[in-house]
Amino acid sequence: MRILLVDDEPLVLETVGPFLLRCGHDVVACAGAAEARTAISERKGDIDLVITDVCMPGHDGTQLLAAVRERFPDIDVVLISGHSQISDTREAIEAGAAGFLRKPVKLHELRHLVEQIQAARADRTRIHRLVANLDAERSLRESATRERMFARRLHQRIFPSDFSWLRTTDVALRHLPQAGLGGDYMDLRPYGPGKALLFVADVSGHGLLAAFGGIALKTWFGGVETGLSPVDILARADSVMRDLFPPEYYATAFCAVYDEARRELAFASAGHPPPVAVSVARGWRALGSGGAVLGAGGDPHRELGTTRLDEDEVLLAYSDGLADELLPLATAEGHGQSCLDWLRRRDNDLKGFLTCALDLAISAAPLQAFGDDISLIALRPRLPVHRATPTQTAGARVLHIEDDPVIAAMIGGAIRAMGCSVMQRASWRDGAAALESEVVDLVILDLVLPDAVGNRAFAEIRLRHPHLPVLVVTGNEMDQAVRQCFDLNPAGILTKPVDLRELERIVQAALRFDPDRDLVAFDNLGNEWFDFVIGSSVNSVELLTRYLQALGRQPLPPDVLDDVVWCIREMAMNGIEWGNRFAEGLRVRVSTLIMPDRVMVKIADEGSGFDTHRLFEPFDALAVSEQRDREGKRSGGFGLAMVQAKMNRVEFNQRGNVVLLVREFPA
């Protein structure tokens with residue numbers, strides 16, 4: 001150790017100093033406290049131990065002890081005194097001294113004390129080093145955690161989460177950031193009627209620039225126009241990478257256009273790990289590979305591939321954090337069997353399949369697992385649900401959730417009179433428990449319950465039982481809760497006070513209701529605009545009509561409102577019957593604009609259109625009615641003529657699949 005020996009007696013310096021040198025220490029001798037303080041300052045505290053006499057001229061040893069402990073707390077101090085009492089020893093220790101010796105100093109006691117101090121200093125140094133290492137490790141861990149959490153929040157923003165616009169397809173997505181910010185990006189968005197556009201990319205590198213690549217691709221992807229092939233889309237993404245990034249950066253990508261109704265997939269790859277399609281019948285198969293990566297320059301040759309997914313087949317796309325190529329791992333040594341077993345269970349929750357895929361990669365290649373960010377997205381045609389829907393009201397099992405005992409008794413009695421079996425619950429908690437333990441054909445749900453807002457309860461029902469008809473009961477068909485319920489596709493609306501004469505018809509229609517087929521959804525809703533999208537079924541039109549009839553708050557005269565609702569219903573039904581021809585995958589859009597002196601309605605179907613030149617030619621009403629009856633069509637045939645009589649303007653586009661209706665009224 002580096003020892004500073006302080007004493008005003010030369011004999012002590014001449015005796016103790018050489019002894020400490022022989023013990024292997026570096027010794028500096030000082031004849032007083034002032035000289036010692038100067039020596040410590042000159043060495044900037046580079047002293048391990050100060051051994052000082054207490055009684056010295058000028059500043060004594062206790063004052064030196066206090067000064068050293070204040071300025072250099074890492075230096076140990078031993079006090080020596082020839083006039084000491086036990087109390088002096090105690091006071092010295094309390095003042096911060098590492099030890100106390102009486103004069104005359106016994107050299108073996110001095111050596112023993114110095115060795116103890118040296119050992120204690122070594123232990124203290126090791127502890128300080130360990131604490132420093134732990135602090136550094138904790139700081140790195142906290143920094144990595146903060147970066148990982150930031151990466152998770154970032155990817156929650158740029159990765160899609162709402163797939164409710166898909167009508168016949170289930171989707172699950174999962175992202176596991178491993179090393180903070182990365183370049184993984186996945187997206188799925190509408191791409192024309194009945195189609196979805198899938199884009200999966202991985203920007204090279206890590207950190208902010210790679211994460212910026214994902215954000216840039218998302219920003220660009222949101223504006224891709226419809227009608228492009230996957231090869232064309234990848235070519236445009238290639239230009240984005242070259243324009244925004246240095247030459248050393250590139251991205252792999254997979255792009256596909258999926259047709260829900262036909263279950264057809266058109267795809268192309270840009271050097272990305274090939275996605276797989278997995279089914280019990282066909283096993284594992286890879287979809288495309290190769291293709292020039294994005295941003296690499298040169299000849300960007302990429303091929304267009306097509307396939308069709310089976311009913312139970314899952315499309316799985318992934319980043320290279322999971323595997324460079326999943327198919328060989330899945331087919332080697334039976335590692336992919338757990339995924340096939342999951343498919344045999346026909347589970348509706350695709351997140352379980354993603355878990356199986358992760359387990360597969362870990363078991364097949366444990367050294368590679370979780371070495372990089374992992375992103376997975378699974379897509380599957382929605383499994384057909386074979387629900388025993390009663391063809392008649394009699395025998396149907398109805399769960400009625402209503403906290404008002406008077407209304408519960410009235411509706412329950414009326415439904416029992418129809419031949420239904422009724423379970424009644426007064427709270428959402430009891431109703432949810434009944435849903436899990438009983439088989440139910442129809443739920444009648446009050447939107448105001450003591451323990452839940454009805455639209456939130458409805459959302460939970462739709463999540464757990466996506467195909468179960470739900471009839472909502474409300475005191476106001478125009479309130480916000482009802483509007484939110486329409487996004488969940490109810491089987492109908494009952495308004496309090498309930499008209500028991502209408503109840504049987506509404507319940508019968510609700511029991512025939514299919515949320516996948518009988519769609520009514522809002523694309524935009526404001527004070528003047530009403531924009532609806534409905535499915536190609538009669539039930540959808542009936543449900544839309546009931547909602548439109550509740551628009552009494554709108555600034556329309558009652559007779560105008562009745563005419564507008566009637567014409568919307570008639571023309572929407574024509575769009576479903578003659579335009580879409582009841583095709584489940586096709587929709588009808590109804591857009592209504594209310595102005596101070598007129599109301600304008602645009603109705604568009606997705607069919608091939610029809611000849612509009614003969615729409616209003618004179619015809620024999622009786623002959624038309626008899627002809628429709630022979631062909632088994634719905635009664636009517638005069639609707640277009642009546643629409644023309646009720647509206648001031650009726651105009652079709654050239655194709656015949658869009659009609660504009662205008663009804664004027666006094667301002």
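The values are calculated or read from the model by the stated rules, or taken from the named source; none is laboratory data. Since we're looking at a predicted model, the values are computed, not measured. Here Cβ is always computed from backbone atoms with ideal geometry, including for glycine, and neighbour counts include all displayed protein chains. Areas reflect the complete protein model, heavy atoms only, side chains present, ligands, DNA and RNA absent. Shrake-Rupley method; radii C 1.70, N 1.55, O 1.52, S 1.80 Å.
Roughly speaking, what is the stretch gain from residue 142 to residue 653, that is 0.36 nm per residue apart minus the C-alpha to C-alpha distance, in nm to one decimal?
Details: separation 511, 0.36 × 511 = 183.96 nm, distance 6.25 nm.
Separation in residues times 0.36 nm, less the Cα-Cα distance, equals 177.7 nm.
Please give the peptides 121-132, 354-365 ranked by average Cβ packing (other Cβ atoms within 10 Å per residue), highest first, as a rough proxy for protection. It would help to have the intermediate numbers written out before the result.
Details: 121-132: 11.0, 354-365: 19.0.
Listed from highest to lowest mean packing, they are 354-365, 121-132.
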Shape call, the stretch 1-119: gyration tensor on alpha carbons, a/c limit 1.5: rounded
Order by protection proxy (mean Cβ within 10 Å, highest first), peptides 643-655, 328-340: 328-340, 643-655
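Calculate, in nm to one decimal, what residue 14 and residue 642 gain on full extension: separation in residues at 0.36 nm each, minus their alpha carbon distance. Intermediate values should be presented prior to the final figure.
Values: separation 628, 0.36 × 628 = 226.08 nm, distance 12.68 nm.
Separation in residues times 0.36 nm, less the Cα-Cα distance, equals 213.4 nm.
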Under 23 Å from the Cα of residue 218 - lysines, other chains or at least 8 residues apart: 195
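Order the following by accessible area, largest value first: 532, 665. Probe radius 1.4 Å; ligands, DNA and RNA are ignored. Walk me through the intermediate numbers first.
Values: 532 0, 665 20 Å².
Greatest to least solvent exposure: 665, 532.
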Accessible area of residue 220 in the full protein assembly, 1.4 Å probe (Å², nearest 10): 50
Ordering of 47-60, 223-236 by packing [mean C-beta count within 10 Å, highest first]: 47-60, 223-236
The stretch 68-134: relative contact order as a whole-number percent, Cα under 8 Å and 6+ apart: 28
Chain lengthening between residue 122 and residue 242 when straightened (0.36 nm per residue, less Cα-Cα): 37.4 nm
Net charge, residue 664 excluded, C-beta distance under 14 Å - Lys, Arg +1, Asp, Glu -1: +1
